[in-house]
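Reading through the structure tokens given below for one structure.
Values in this text are rule-based calculations from the coordinates and carry no lab data. All values reported here derive from a predicted model rather than from experimental measurement. No Cβ is skipped: glycine too gets one built from the backbone with ideal geometry, and neighbour counts run over all protein chains shown.
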Amino acid sequence: MPRPKQDRKISNPPLMQGFKPYGIPRRSVSSVSLQYDEYESIRLLDYAGMNQDQAAEQMNVSRPTLTRIYEKARKTIAQALVEGKTIAIDGGNVQFEKQWFRCKRCFKLIGGLENHVRCKGCNTFCKNELTPINKE
């Protein structure tokens, strides 16, 4: 029996929930899934410019595990670009540094209930309008 996957440590979820090809209606294309840990590996290595040892330490995984996560992320993004598919960012074995919510009306990302103020995008304040992003 394989070992259960260890939760990957992620600072915060992405601002967006995914991407779609420009000029093609969403209903006309299929999608691929990019998990939160794969997104985080791309963010740390390519965007933040960390080396693999630093990124692996920050995500609380080994360097070879980070390499596998990163390669899977690159393959998923390449498939979406070449085949014109949408990218949905969600899921995976992840642990965020704090509780995150997304407004159901305007999709704004909110870090913790104590930081929820009246949203300028949708003018809502109701805590029932928030969807938790990470599991508890």
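Descriptive notes on the structure:
- Chymotrypsin sites (Phe, Trp or Tyr not before Pro) restricted to DSSP loop in region 12-48 with at most 14 other C-beta within 10 Å: Y22
- Under 5 Å, built H, 5+ apart or other chain: amide partners of S31: T86
- D by Stokes-Einstein for region 18-65, Kirkwood Rh over Cα pairs, 20 °C, 1.002 mPa s: 170 µm²/s.
- Dimensionless Rg over Rh [region 1-97; C-alpha; Kirkwood]: 1.00
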